[in-house]
Amino acid sequence: MRHTAVIVDSSAALPLATRNHYHIYEVGVPILFGKETYIGGRDIKTLGQLVDVIKEKNVLPTTSQPTPGEWEQVLNEAKDAGYTSAIIITLSSGISGAFQTAHLVAEEYEGLDQVAVIDSHLTNMGAGEQALLAASLAEEDRPVDEIVDAVKDLQSTLQVRFVVNDISHLQRTGRLSRGQALIGGLLNIKPLLSFDVQGEGKIGAIGKARKMSGAFREIKEAFADSLAHADYPVRAYVVDGNNPKLGDKWLKDLQAEFPAVQFERASMDPVIGVHTGDGGMALIWSRDWKDMV
């Protein structure tokens, strides 16, 4: 039996079958419609469902973070299942207080020998693949400190580019940290954005395009430049925001142009969809985590 449990929040967007296969625990992130609370990954599982609820209620939602009690509850579940340590991987501290809260809980928790908390500096499969690496190394019963070091090594190779249809959601929820002047005041544009993964994990605007096709060209150029400097195998995730046809089109194009890369498809989770809106697209890439096991 492995001794270290791996825990994520629901913004990591790991499908239930994947979490079950790798024995990964999940804490749901609250989505707030006024006084009504829904839990991401449980009450609202997809961005499409979020869009339907927004239309039904005619209210724009916000998000909160898991409470200390919810982190403690999942740690208790891990302890009761026989684990002696745990690693928590949260969405970026640059857009959420989840890391700080989980860290405080871990410092005070007395039910396990060791609880480590990692700030993913990202979200969606950028955080999800960090959890997959951690869980795979935990399966080999590696020490917690060794697993944490490996996850941070993977994190150092992570990059993301994404595009949204409407920047107003990121502005409304206060998640856009820089670059507002770059895109402010312009209509009918596609803002090109990134996470400062190697810094504070904040979202910034780095460019703009008139059409989604133009944004895709910009993303491919950034991806090609990154590949030219990579001395390791790369895994990349094509993430669609409630637009699976476009996601499949991007995937086919990228596979044809970059045959050496291991590509996967993923979907934008509803928690992040609150901030990005409907119809966005993303490309997340890094060293292939399976090469590190």
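The values are calculated or read from the model by the stated rules, or taken from the named source; none is laboratory data. Quick caveat, the model's predicted, so the values are computed rather than measured. Ideal geometry is used to build each Cβ from the backbone, glycine not excepted, and the neighbour counts take in all protein chains shown.
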Looking at A236, A205 in this structure, which one is out of contact with any Gly (no Cβ under 9 Å at 6 or more places or on another chain) and crowded, with 19+ Cβ neighbours inside 10 Å? A236
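For every residue, the table says whether it meets (1) of a type outside the set (A, V, I, L, M, F, W, C); (2) modelled with pLDDT under 95.
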{"residue": "V8", "(1), (2)": "no, no"}
{"residue": "G41", "(1), (2)": "yes, yes"}
{"residue": "Q49", "(1), (2)": "yes, no"}
{"residue": "K57", "(1), (2)": "yes, yes"}
Only residues that are touching a strand residue (DSSP E or B) at 6+ places or on another chain (Cβ under 8 Å), assigned to a helix (DSSP H, G or I) and more than 20 Å from L227 (Cβ to Cβ): list them for region 146-172, please. I147, V148, V151, K152, L170
Only one of A86, A12 is modelled with pLDDT of 95 or more, among the small types (G, A, S), within 11 Å of V271 (Cβ to Cβ) and crowded, with 24+ Cβ neighbours inside 10 Å. Can you tell me which? A12
Mind checking which pairs have a first residue in region 50-66 that is in contact (Cβ under 8 Å) with a residue 60 or more places away in the chain and a second that is assigned to a loop (DSSP other than H, G, I, E, B) and surrounded by 15 or more Cβ atoms within 10 Å (Cβ to Cβ), Cβ under 7 Å, 6 or more apart or different chains? V51/N242; V51/D278; T62/T173; T63/V29
Residue under question is A209, and the condition is that it be within 23 Å of A260 (Cβ to Cβ) and among the small types (G, A, S); does it hold? no
Condition broken by V115, with the remaining ones in (1) part of a helix (DSSP H, G or I); (2) more than 16 Å from the chain's Cα centre (by Cα); (3) modelled with pLDDT of 95 or more satisfied: (1)
Could you count how many residues in region 218-263 are farther than 18 Å from G126 by Cα and either among the aliphatic types (A, V, I, L, M) or assigned to a strand (DSSP E or B) (or both)? 6
